[in-house]
1. Give the residue, chosen from V23, V54, that is closer than 16 Å to M97 by Cα and touching a helix residue (DSSP H, G or I) at 6+ places or on another chain (Cβ under 9 Å).
2. If a residue must be in contact with a strand residue (DSSP E or B) (Cβ under 9 Å, 6 or more places away or on another chain) and part of a helix (DSSP H, G or I), how many such residues does region 1-14 contain?
3. Collect the residues in region 60-99 that are among the aliphatic types (A, V, I, L, M) and without any contact (Cβ under 8 Å) to a residue 24 or more places away in the chain, keeping them in residue-number order.
4. Quick check on my filter: what residues within region 45-63 are farther than 17 Å from L15 by Cα and touching a Phe, Trp or Tyr at 6+ places or on another chain (Cβ under 9 Å)?
5. Given the criteria over 17 Å from K76 (Cβ atoms), part of a loop (DSSP other than H, G, I, E, B) and in contact (Cβ under 8 Å) with a residue 12 or more places away in the chain, does S17 qualify?
6. I'd like the residue in region 20-59 that is aliphatic (A, V, I, L, M), touching a residue at least 12 places away in the same chain (Cβ under 8 Å) and out of contact with any strand residue (DSSP E or B) (no Cβ under 9 Å at 6 or more places or on another chain) and, out of all such residues, is farthest from L72 (Cα to Cα).
7. Quick one: is E57 over 11 Å from the mean Cα position of the chain (by Cα) and surrounded by 19 or more Cβ atoms within 10 Å (Cβ to Cβ)?
8. Can you name every residue in region 67-98 that is closer than 20 Å to E12 by Cα and aliphatic (A, V, I, L, M)?
Amino acid sequence: MEYILTKDNFDEIALGSAEPILVDFWASWCGPCMMLSPIVEELSKTHKVGKVNVDEEMALAQRYGITSIPSLLVFKDGKLVKRSLGYQSLESLQALMEV
């Protein structure tokens, strides 16, 4: 399942999730983000995924120290448990979700 995350729903959806959730920090002008998007969409068929547009949600990007995109963060039980940067294969994302 894929969620559009904002400052208004981030804590509830991402931090409130008992199961792992991958949060993709991205922007529409970012080439690697656009290449990664269909892979994240495929992952969302089997895992919980959230997307944060850094242009629209700068406060969330700052909160998690996002300085490069795409940045992929995995949260579980309200805690940041893994972080990855840049383009990833579907297999890499699936491995990232194993927490």
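Throughout, read-outs are computed from the coordinates displayed, never taken from laboratory work. Just so it is clear, the structure is predicted and the values come from calculations on it, not from any experiment. Cβ: placed from backbone, ideal geometry, glycine included. Neighbour counts: every protein chain shown.
1. Criteria check complete, one pass: V23.
2. Number satisfying all stated conditions: 3.
3. L80, L85, A95
4. Once the filter is applied, which keeps residues that are farther than 17 Å from L15 by Cα and touching a Phe, Trp or Tyr at 6+ places or on another chain (Cβ under 9 Å), region 45-63 yields N53, V54, D55.
5. On the way: over 17 Å from K76 (Cβ atoms): no; part of a loop (DSSP other than H, G, I, E, B): yes; in contact (Cβ under 8 Å) with a residue 12 or more places away in the chain: yes.
Taking the combined requirement at face value, the residue does not satisfy it.
6. Among them, the one singled out is A59.
7. Yes.
8. L72, L73, V74, L80, V81, M97
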